[in-house]
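Okay, so here's the structure we're looking at.
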Amino acid sequence: MPQGADRTTGLCLFFDHGTRPDADIVARLVAASADAGLPASVSHRPAPEAGWLELLASGLTFDLIGLDPGAPGRMTQVQQHFGFGEDDVPGEGEAVELVPSGHIVSGAGLQPVLRTMMGLAANLALELPVRAVGWAPAQTWMEPRYFCRSVLNWLGGGAFPALGLTALLQAEDGSLASRGLAHFTGQEVQLEGRRGEAAADTVKLAVRVIDQLVRRGAHRGTPADRRRWAGAAAGAVAGG
């Protein structure tokens, strides 16, 4: 098992039983990706029975844990699903984890680390028989094609994938609270819909506010500062 890996802030690639890749498969995929212009390589490869690899992407290291023939990785605790049809959510299976390695664990919430890890996961999910992608901080599961489309669009300059990399929880009063946004910005957010506003419209507003908050970057000031910062982002959305 790699030393110092942060397994609470990683992605879970979910496979049917017997379909987890081994180190050889991953190494070939990473090499092919590098040939296609993607800056990734295998930076450390222990014995196959260890069941993990260290990957280097954009100068940052990540551990891929749970490869065959080693023991599967840990499963993400799941509270919400995104991108699946009614009958498409997979049942039992096995996990492979992609997590920040011990070299960068202190910066696991920084944008360069997160963006690189998401891009690496998307490229793996495009090539491997992944059935679902789990994201631990938001306790979400995403359909692989949904995950890849939303993440690659974000990395290309589009909107942040708020429905997947964060989750929205509805309270009894109709307000919406985020789960997982704090991993990107240092705080969660709660929004109240306008009187008579449809729930779907409140969700759309929340998604836009979350996108603005992530674009503005993490805020580490006082609670009052963070409230003003979140209010400014909401105002920018409303004004747009």
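Listed values, structure above:
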item	result
Test: residue in region 3-26 that is in contact with a strand residue (DSSP E or B) (Cβ under 6 Å, 6 or more places away or on another chain), on the phi > 0 side of the Ramachandran plot and either at pLDDT below 95 or not in a helix (DSSP H, G or I) (or both)	no
Flag if Thr8 is open to solvent by less than 70 Å² (accessible area, probe 1.4 Å) and among the β-branched types (Val, Ile, Thr)	no
Qualifying residue in region 47-67 (condition: among the acidic types (Asp, Glu) and in contact with a helix residue (DSSP H, G or I) (Cβ under 9 Å, 6 or more places away or on another chain))	no
Qualifying position, being of a type outside the set (Asp, Glu), surrounded by fewer than 20 Cβ atoms within 10 Å (Cβ to Cβ) and modelled with pLDDT of 90 or more, among Arg208, Arg220, Arg216, Arg194	Arg208
Qualifying residue in region 48-65 (condition: modelled with pLDDT of 95 or more, open to solvent by 50 Å² or more (accessible area, probe 1.4 Å), under 25 Å from Trp141 (Cα atoms) and in contact with a Lys or Arg (Cβ under 8 Å, 6 or more places away or on another chain))	no
Residue tally, condition closer than 20 Å to Leu114 by Cβ and not in a helix (DSSP H, G or I), over region 187-218	5
Residue selected from region 84-109 under the condition closer than 24 Å to Asp211 by Cβ and at pLDDT below 90, by the criterion surrounded by the most Cβ atoms within 10 Å (Cβ to Cβ)	Ala108
Candidate set: region 138-171, residues that are open to solvent by 30 Å² or more (accessible area, probe 1.4 Å) and touching a strand residue (DSSP E or B) at 6+ places or on another chain (Cβ under 9 Å); chosen: the one farthest from Asp22 (Cα to Cα)	Ala171
Enumeration of residues in region 170-186 that are in contact with a helix residue (DSSP H, G or I) (Cβ under 7 Å, 6 or more places away or on another chain) and assigned to a strand (DSSP E or B)	Leu176, Ser178, Arg179
Those residues of region 26-35 which are open to solvent by 50 Å² or more (accessible area, probe 1.4 Å) and in contact with a helix residue (DSSP H, G or I) (Cβ under 9 Å, 6 or more places away or on another chain), in sequence order	Ala32
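The values are calculated or read from the model by the stated rules, or taken from the named source; none is laboratory data. Because the structure is a prediction, the values reported are computed rather than measured. Quick reminder, even Gly has a Cβ in these numbers, built from the backbone with ideal geometry, and neighbours come from all protein chains shown. Calculation scope for accessible area: heavy atoms of the full protein, side chains included, ligands and nucleic acids excluded. Shrake-Rupley method; radii C 1.70, N 1.55, O 1.52, S 1.80 Å.
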